[in-house]
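Enquirer: Before I ask anything, here is the structure I am working with.
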Amino acid sequence: MSARDHVYETLRRRLIMGEYDHDAALVPAALSIEFAVSRTPVREALGLLERDGLVRGTTRGFVPHTRSEEEILEIFEARAILDSAAAAAAAERRTTADLLALQEISQRTQREQDPSEIRRYLNLWHDAVRRSAHNVTIAGLLHTLDAQAKLAAPWHPEAPATDPTVDDRRAEHDEILAAITARNPERARTLMLTHLARDREFRIRRRVAG
């Protein structure tokens, strides 16, 4: 991994995990010292993050990109459209190996009790659906939108394991998987749209409450 990519991946992870305050200044000179690299790869990494919509330039350097409620809704809407398209494509193009991967993740999610691990498997399941779509362009766009959504409306890890939305998500995943297995693209698309609409409302409620 190049110096630029290392700085980019590290800063991207910090941003989406909420490790920076909304007004934290990301200054190339300071980051250059922290990462023990020249300013060139740091500036390049910050440029990529700005392109991704995760930071914006200021006179002090770069700060996390703060979005309005309307912009956040737009991000979730765009992501839902692409994820539902991926689900439909997965129903048409999935291979036996794709199905086995999805089934394995679903089974692990059902057995898991730890909240953080449940959420990790839920995210891995969505990643597996996207891979099953076999569309690199959709996957790349969703990768960017995922980061923007997490930065704008971060997941609160303190949610209890008994939160009914966790069980709802697992059940909805099983329905979508059944549609993908049956090669029913329109049902997979519709179910994914409904699933993500509920997720959007939940995430935004938690953002407001937080």
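Enquirer: Right, HIS22: closer than 26 Å to GLU201 by Cβ, touching a Lys or Arg at 6+ places or on another chain (Cβ under 7 Å) and either buried (at least 19 other Cβ atoms within 10 Å of the Cβ) or in contact (Cβ under 8 Å) with a residue 40 or more places away in the chain (or both) or not? Spell out how you get there, then give the answer.
Expert: Working: closer than 26 Å to GLU201 by Cβ: yes; touching a Lys or Arg at 6+ places or on another chain (Cβ under 7 Å): no; either buried (at least 19 other Cβ atoms within 10 Å of the Cβ) or in contact (Cβ under 8 Å) with a residue 40 or more places away in the chain (or both): yes.
Judged against the criteria, HIS22 is not a match.
Enquirer: If you don't mind, another one. Within the bounds of segment 53-69, is there any residue that is under 19 Å from the mean Cα position of the chain (by Cα), within 15 Å of LEU151 (Cβ to Cβ) and in a strand (DSSP E or B)?
Expert: Taking segment 53-69 first, the residues under 19 Å from the mean Cα position of the chain (by Cα) are 53-55, 64-69.
Still in the list and also within 15 Å of LEU151 (Cβ to Cβ): 53-55, 64-69.
Checking which are in a strand (DSSP E or B) leaves us with 55, 64.
Within segment 53-69, one or more residues are under 19 Å from the mean Cα position of the chain (by Cα), within 15 Å of LEU151 (Cβ to Cβ) and in a strand (DSSP E or B).
Enquirer: If I ask for residues that are over 18 Å from HIS134 (Cα atoms) and acidic (Asp, Glu), which ones from segment 64-117 would you list? Can you show your working first?
Expert: So the first thing to find is which residues in segment 64-117 are over 18 Å from HIS134 (Cα atoms), and the list is 64-78, 104-117.
GLU69, GLU70, GLU71, GLU74, GLU77, GLU104, GLU112, ASP114, GLU117 - these are the residues of segment 64-117 that are over 18 Å from HIS134 (Cα atoms) and acidic (Asp, Glu).
Enquirer: Across segment 189-206, which residue is modelled with the lowest pLDDT among those that are closer than 8 Å to SER84 by Cβ and surrounded by 19 or more Cβ atoms within 10 Å (Cβ to Cβ)? Walk me through how you get there before you give the answer.
Expert: Step one: of segment 189-206, the residues closer than 8 Å to SER84 by Cβ are 189-190, 192-193, 196.
From what's left, surrounded by 19 or more Cβ atoms within 10 Å (Cβ to Cβ): 189, 192, 196.
Working: ARG189: 98, MET192: 97, LEU196: 90.
Applying the filter and picking the extreme gives LEU196.
Enquirer: Which of the residues that make up segment 41-91 are closer than 18 Å to ASP23 by Cα, buried (at least 16 other Cβ atoms within 10 Å of the Cβ) and among the small types (Gly, Ala, Ser)?
Expert: GLY53, GLY61, listed by residue number.
Enquirer: Count, please, the residues in segment 56-78 that happen to be closer than 17 Å to LEU15 by Cβ, in contact (Cβ under 8 Å) with a residue 24 or more places away in the chain and not aliphatic (A, V, I, L, M). Break it down stepwise before answering.
Expert: If we filter segment 56-78 for residues that are closer than 17 Å to LEU15 by Cβ, which is where we start, we get 56-58, 60-67, 71-72, 75.
Cutting the leftovers down to in contact (Cβ under 8 Å) with a residue 24 or more places away in the chain gives us 58, 60-67, 71-72, 75.
From the residues that got through so far, the ones that are not aliphatic (A, V, I, L, M) too are 58, 60-62, 64-67, 71.
The total comes to 9.
Enquirer: Here's another thing I want to ask about it. Is it true that some residue in segment 120-134 is charged (D, E, K, R) and in contact with a Phe, Trp or Tyr (Cβ under 6 Å, 6 or more places away or on another chain)?
Expert: No - not one qualifying residue is present in segment 120-134.
Enquirer: I've got another one for you. If THR95 meets every condition in (1) at pLDDT below 95; (2) among the polar types (S, T, N, Q); (3) within 29 Å of THR190 (Cβ to Cβ) apart from one, which number is that one?
Expert: (1)
Enquirer: Give the residues of segment 83-98 that are farther than 18 Å from LEU122 by Cβ and touching a residue at least 24 places away in the same chain (Cβ under 8 Å), sorted by residue number.
Expert: The initial filter retains those residues of segment 83-98 that are farther than 18 Å from LEU122 by Cβ, namely 85, 88-89, 91-97.
ALA85, ALA88, ALA89, ALA91, GLU92, ARG93, ARG94, THR95, listed by residue number.
The values are calculated or read from the model by the stated rules, or taken from the named source; none is laboratory data. Because the structure is predicted, anything quoted here is derived from the model rather than measured. Positions of Cβ are backbone-derived with ideal geometry, glycine not excepted, and every protein chain shown enters the neighbour counts.
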